[in-house]
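Student: Dumping the structure here so I can ask a few things about it.
The values are calculated or read from the model by the stated rules, or taken from the named source; none is laboratory data. Everything quoted here is computed from the prediction, not taken from an experiment. Every residue, glycine among them, receives a Cβ derived from its backbone with ideal geometry; neighbour counts consider all protein chains shown. Accessible surface areas use protein heavy atoms only, side chains included; no ligands, DNA or RNA. Shrake-Rupley method; radii C 1.70, N 1.55, O 1.52, S 1.80 Å.
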Amino acid sequence: MRQLSKWQTAIYVIGAILMATGAGCCAFLWHPKFFSWVFLAGAILFVAMQSQQRYDGSNVSVRRLRKIMLFSSACFIIAGVLMVDTYHLFLMRFMSRITYVTYFYNKWVMLLLVGAILQVYSTHRIANELEKDIKKGKSE
């Protein structure tokens, strides 16, 4: 995997901190209107820097895990949009409030959970696969 520069790493970490802060404050209903935007901004920073990490090797497992990681990044962005939407930005587009609540209201929680689980899984598996490649390269 291509390593990020110092500035990119700093932006990556700031994005992750903003995401964690925004999600936690929204979950505990502490100024959720403001912190939903904080989460979305953090998700955009996090995903932008994560997309800068490229894999140019030939390991199929790492390529597959990288695609899973990009899917989880999309889950973070969509969760951020739905978190902001919790304050009814899209309510006027629906005929009834029941349809809106059924399909959109507070669905960000599930997307955030799916994204976080996939992110943790793919991050650890990629690290293990790259370590295997390094060990295999040294043994040959």
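Student: Please give the calculated 222 nm ellipticity per residue for the chain, where each DSSP H segment of at least 4 residues contributes -39500 (n - 2.57) and the sum is spread over every residue; nearest 500 deg cm²/dmol?
Tutor: Working: 5 runs with 108 residues, N = 140.
Helix contribution divided over all residues of the chain: -27000 deg cm²/dmol.
Student: So for the pair A74, S51, with labels modelled 7 Å out along Cα→Cβ, what separation do we get in nm?
Tutor: Going by the 7 Å Cα→Cβ label model, 1.2 nm.
Student: Please report the net charge: other residues with Cβ closer than 12 Å to the Cβ of S73, K and R +1, D and E -1. List each step's numbers first, then the result.
Tutor: Numbers: positive: R66, K67; negative: none.
Around S73, the surrounding residues sum to +2.
Student: Another question about this same structure. Using only Cα atoms, tell me the angle between helix 60-85 and the longest principal axis of the chain; keep it within 0 to 90° and round to the nearest 10.
Tutor: 20
Student: If DNA, RNA and ligands are ignored and the probe is 1.4 Å, what is the ranking of I11, I44, I126, I98 by accessible area, most exposed first? Working shown, then result.
Tutor: Working: I11 60, I44 90, I126 10, I98 130 Å².
From most accessible down to least: I98, I44, I11, I126.
Student: How much accessible surface does L18 have with a 1.4 Å probe, in Å² rounded to 10?
Tutor: It works out to around 50 Å².
Student: For I68, what accessible area in Å² do you get when you roll a 1.4 Å probe over the heavy atoms of the protein chains, rounding to the nearest 10?
Tutor: Looks like 40 Å² after rounding.
Student: Then there is this: Using r as the Cβ-Cβ distance of F34 and R64, and R0 as 35 Å, what FRET efficiency do you calculate, to the nearest 0.05?
Tutor: Taking R0 as 35 Å, the efficiency between F34 and R64 is 0.40.
Student: Starting from 0.36 nm per residue, how many nanometres of slack lie between N128 and V109 once their C-alpha separation is accounted for? Show your work: numbers first, answer last.
Tutor: Working: separation 19, 0.36 × 19 = 6.84 nm, distance 2.89 nm.
Taking 0.36 nm per residue and subtracting the Cα distance, the gain is 4.0 nm.
Student: Starting from the residue with the highest accessible area, list D56, D85 in decreasing order, probe 1.4 Å.
Tutor: Working: D56 135, D85 0 Å².
In descending accessible area the options line up as D56, D85.
Student: Which label belongs to the value computed from this structure, given these candidates for log10 I(q)/I(0) by the Debye sum over Cα atoms at q = 0.11, 0.15, 0.18 Å⁻¹: (1) -0.48, -0.78, -1.00; (2) -0.62, -0.94, -1.09; (3) -0.40, -0.72, -0.97?
Tutor: (1)
Student: Accessible area per residue, 1.4 Å probe, Å², for the stretch 6-139: what's the number? Walk me through the numbers before you get to the answer.
Tutor: Working: 8470 Å² over 134 residues.
Per residue, the stretch 6-139 has an accessible area of 63 Å².
Student: What is the chain's relative contact order, in percent, from Cα pairs under 8 angstrom and six or more apart in sequence?
Tutor: On the way: 144 pairs, mean separation 33.1, N = 140.
Over the chain, the number comes to 24 percent.
Student: Roll a 1.4 Å probe over the protein heavy atoms and report the accessible area of F39 in Å², nearest 10.
Tutor: Its accessible surface works out to 0 Å², give or take rounding.
Student: Report, to the nearest whole %, how much of the accessible area of the chain belongs to carbon and sulfur atoms, 1.4 Å probe, protein only.
Tutor: Details: 6270 of 9030 Å².
Ligands and nucleic acids excluded, carbon and sulfur give 70 percent.
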